[in-house]
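The values are calculated or read from the model by the stated rules, or taken from the named source; none is laboratory data. Quick caveat, the model's predicted, so the values are computed rather than measured. Every residue, glycine among them, receives a Cβ derived from its backbone with ideal geometry; neighbour counts consider all protein chains shown.
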Amino acid sequence: MRYSWALALLLLSFACRTEDEKILGLLESYLVGSFNSRDQSLKDSSYSNIHLNVSPIWENKGYNGRWLYVEQAAASQLDLPYRQRVYQLSINETKEYVSAIYLIKDPMRFAGDYKLDDPLSGLTPDSLELKVGCEVILLKTENGFEGQMGVRACNSELLGASYDTSKVV
């Protein structure tokens, strides 16, 4: 009888892990792709046409979670991205979905890598620098995911800002 309970708990644990992996895959599928703000910039001149390209990286390498290469550039300078990051999607101990943000040393050597079959193949997670306080905590909702960064927790120097903020709906 004791072994039956242990087996049942083991199977339940595996089923929960599998469901969490499915949801993590869903989150990844929402983020991967090429996006731009062209329409918004045409309607409102205070917005620039920005391109965002997100590619999965390091698939089947055994690293914890799912990893994405993110490249952001002005439409007029697609070959000169102003922001290149790596995002790690994972599940924390309280069952929240987390998108941690990492910096790449000398990122311009990887400009355009999102177009490759194996982007950032010359890097490993231990060569990246975690942007402390910049992780986005996400909860699964009926219609997708919602979440945000901690308030004023993510330091930034881009365009004179003192911090970044992000809210996902």
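Numbers for the structure displayed
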| item | result |
| --- | --- |
| Unmet requirement for Gly144, which otherwise passes all of (1) closer than 23 Å to Tyr30 by Cα; (2) modelled with pLDDT of 90 or more | (2) |
| Matching residues in the range 114-133 - criterion: being closer than 12 Å to Val86 by Cα and touching a strand residue (DSSP E or B) at 6+ places or on another chain (Cβ under 6 Å) | Tyr114, Pro119, Leu120, Leu128, Glu129, Leu130, Lys131 |
| Residue match in the range 71-78 (condition: assigned to a strand (DSSP E or B), of a type in the set (Asp, Glu) and surrounded by 14 or more Cβ atoms within 10 Å (Cβ to Cβ)) | yes |
| Flag for Arg83 being over 25 Å from Ile23 (Cβ atoms), at pLDDT below 95 and in contact with a helix residue (DSSP H, G or I) (Cβ under 8 Å, 6 or more places away or on another chain) | yes |
| Total residues in the range 90-117, condition among the acidic types (Asp, Glu) and touching a residue at least 12 places away in the same chain (Cβ under 8 Å) | 2 |
| Filter pass, Asp118 being assigned to a helix (DSSP H, G or I) and closer than 26 Å to Asp20 by Cα | no |
| Matching residues in the range 125-148 - criterion: being closer than 18 Å to Asn64 by Cα and touching a residue at least 24 places away in the same chain (Cβ under 8 Å) | Pro125, Leu128, Glu129, Leu130, Lys131, Glu135, Val136, Ile137, Leu138 |
| Test for Tyr30: is it farther than 26 Å from Asn143 by Cα, among the hydroxyl-bearing types (Ser, Thr, Tyr) and not in a strand (DSSP E or B) | no |
